[in-house]
Amino acid sequence: SVIEELRFARPELAELPAAARAPAAASTKPRVLVVEDNPDMNRFVAQCLGDHYQVACAFDGREGLEQALALRPTLVVSDIMMPNMSGDEMIAELRALPELSGTPILLLSAKADDELKVKLLDHGAQDFIVKPFAEKDLLVRVRNLIEAHQAMAQLDGLRKAGPFVEVNCGALQEN
């Protein structure tokens, strides 16, 4: 796998949690793709999420895009400034792919620039968190984005299932 290749090329990545090193076998946990070039931050985010989600890791935007295509994650958590392909370039690529256009994206950035934040939210990110951040903040944002995405998928499934049945919820009449 790409993660295994990276472990040999970059030994500092060997300490990644097992869940992040290889895609998990069939699991009911939602899959989160962490895209972060800093090995320590990548490991921290993966460890924060590992108890609650299947976690896969990528170390630049290009690898993140490749992994997103292969894994179809429920959510992408990504840094913005990375080599090979930046987070905002990766967002544009993801949004251009029909199969990934609805995947929620949570961006991580050391920049607390409001103009940048608005631009990225306007171009396809669902949320933005400034580094450093608390683990609880990350977990709550990830959970909320995943729950909203799952609710939208359920509604979409209902719409595709067929016509809605109208139910009269008026007052009951006693005989």
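Figures for the structure shown
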read-out	value
Peptides 64-77, 82-95 ordered by average Cβ neighbours within 10 Å, highest first	64-77, 82-95
Protein accessible area in the stretch 63-106, 1.4 Å probe - carbon and sulfur %	53 percent
Accessible area expressed per residue, the stretch 104-150, with surrounding protein chains retained (probe 1.4 Å, Å²)	55 Å²
Subset of K29/K160; K111/K160; K136/K160; K131/K160 violating a 32 Å alpha-carbon distance limit	K111/K160; K136/K160; K131/K160
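The values are calculated or read from the model by the stated rules, or taken from the named source; none is laboratory data. A quick note: this is a predicted structure, and the numbers were derived from the prediction, not measured. Heads up, the Cβs are rebuilt from the backbone with ideal geometry, glycines too, and the neighbour counts pull from every protein chain shown. Areas reflect the complete protein model, heavy atoms only, side chains present, ligands, DNA and RNA absent. Shrake-Rupley method; radii C 1.70, N 1.55, O 1.52, S 1.80 Å.
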